[in-house]
Amino acid sequence: MAEVKVKVQPPDADPVEIENRIIELCHQFPHGITDQVIQNEMPHIEAQQWAVAINRLLSMGQLDLLRSNTGLLYRIKDSQNAGKMKGSDNQEKLVYQIIEDAGNKGIWSRDIRYKSNLPLTEINKILKNLESKKLIKAVKSVAASKKKVYMLYNLQPDRSVTGGAWYSDQDFESEFVEVLNQQCFKFLQTKAETARESKQNPMIRRNSSFASSHEVWKYICELGISKVELSMEDIETILNTLIYDGKVEMTIIAAKEGTVGSVDGHMKLYRAVSPIIPPTGLVRAPRGLCPVFDDCHEGGEISPSNCIYMTEWLEF
C-alpha cells in the first residue's frame, strides 16, 4: 500500500501579534520599512497575513504609506504631525518627510525632486500648499542667494544657511566684524599690560597675560555691542583672525571636566603679542584672515570676483 504524505499547514499567527511586530519593526527602522524588510524579519508569516495587518494599521492611522526609490515604504506615524498632515495625500506626505529628514540645513527643490521622483510642477504645488499650512518655510541661503532651501516651519536654520552672526538679511556685516575684532584685541591687550605691570616673576606674568575664549566672550557680551546672541565659537572665529594677523597667539591646556570654557578636557587660551616683524603680504590678504572664508566661492553671495576687500588690498 502506497504511503500518503500529508502536508501540514502552519497555524495562522495571531493578527494582533503580526501588527505589534510590524510596529516594532517601524520603531527599529524609523525611516521606514519595505515589503522586503517585513519578509526578511517575519519569514514564517504568509504575505497575505502581513498584508492584511498593514492595511489595518493604515486604516487605523498608525502608519504612513510613502513612496521611495526602492518602492513602497511603511513608516510609523508621528503623533505630533498626524493632526497637521490630516487630509494630505501620499505625495504630500512624502515631500514633507523628505524636508523633515533634511533638518535645519534644509533641502533644495531639485533634491526633493530627485528623492521623490515627482514632477517639478507637482513639487512646486505641494511646497506652496505646505507653506500655506505653515508646516514648512523657505529660507534663503548665503551660499546661493538666488536659491531657497526648505525646512520645517518651527526649525531655526543652521548657521551654514544663514551665515550666523556675521550676516544680516543675507548681507555680510563687515563693520560689525571689524568692531568685534578691535574689542577682542583691546581686551587681550589690557590683560597683557596688566600682567607686565605686575611685580611677579616672568613665568607668572606670562601665564597671567592669557585669557580663555570664555573670558573674551563674556567681556564682549557685557559690552552690549552685539544685537545678536554670540556664541563662544563666534568669538573664537574673531580671535583666529587676530592670530592670522600676528596680533594674538593661542595655546591649549588641559582642563578639569566641568571647567567653564573647556571642551573635551581642553581649554583654549589667548594673549596679545607684539609681532617681531610685520606680517607678510600673504597673511594680510583678505583670504588670510577672512572670518567667512568657508562661505566664499565663485558664484556665491561672497566670491573672490566681487570681494571689495580684495580690491582694496590689491590697490594698497
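Read-outs: derived from the displayed coordinates by stated rules, not from any lab. From a predicted model like this one, the values you see are computed outputs, not experimental measurements. Neighbour counts run over all protein chains shown; Cβ positions are idealised from the backbone, glycine included.
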*asked:* So if each residue of separation counts as 0.36 nm, and I subtract the Cα-Cα distance between K256 and L58, what length gain in nm does that give?
replied: 66.0 nm
_Sort 202-208, 188-194, 37-43, 222-228 by packing, meaning the average of other beta carbons within 10 Å per residue, with the highest value first._
188-194, 37-43, 202-208, 222-228
*Can you grab the distance from the C-alpha centre of segment 19-62 to the C-alpha centre of segment 212-276, Å, no decimals?*
53
*Approximate spin-label separation V263-D245, in nm, with each point projected 7 Å along Cα-to-Cβ*: 2.2
_For the pair E100/V228, report the inter-label distance in nm, with labels modelled 7 Å from Cα in the Cβ direction._
2.9
*asked:* I need the calculated FRET efficiency for the pair V273 and N201, taking r as the beta carbon distance and R₀ as 22 Å, to the nearest 0.05.
replied: 0.70
*Estimate the FRET efficiency between I23 and A51 by the formula 1/(1 + (r/R0)^6), using the beta-carbon distance for r and 22 Å for R0, to the nearest 0.05.*
0.90
*If you stretched the chain out fully between K125 and S303, how much longer would it get, using 0.36 nm times the residue separation minus the C-alpha to C-alpha distance?*
60.7 nm
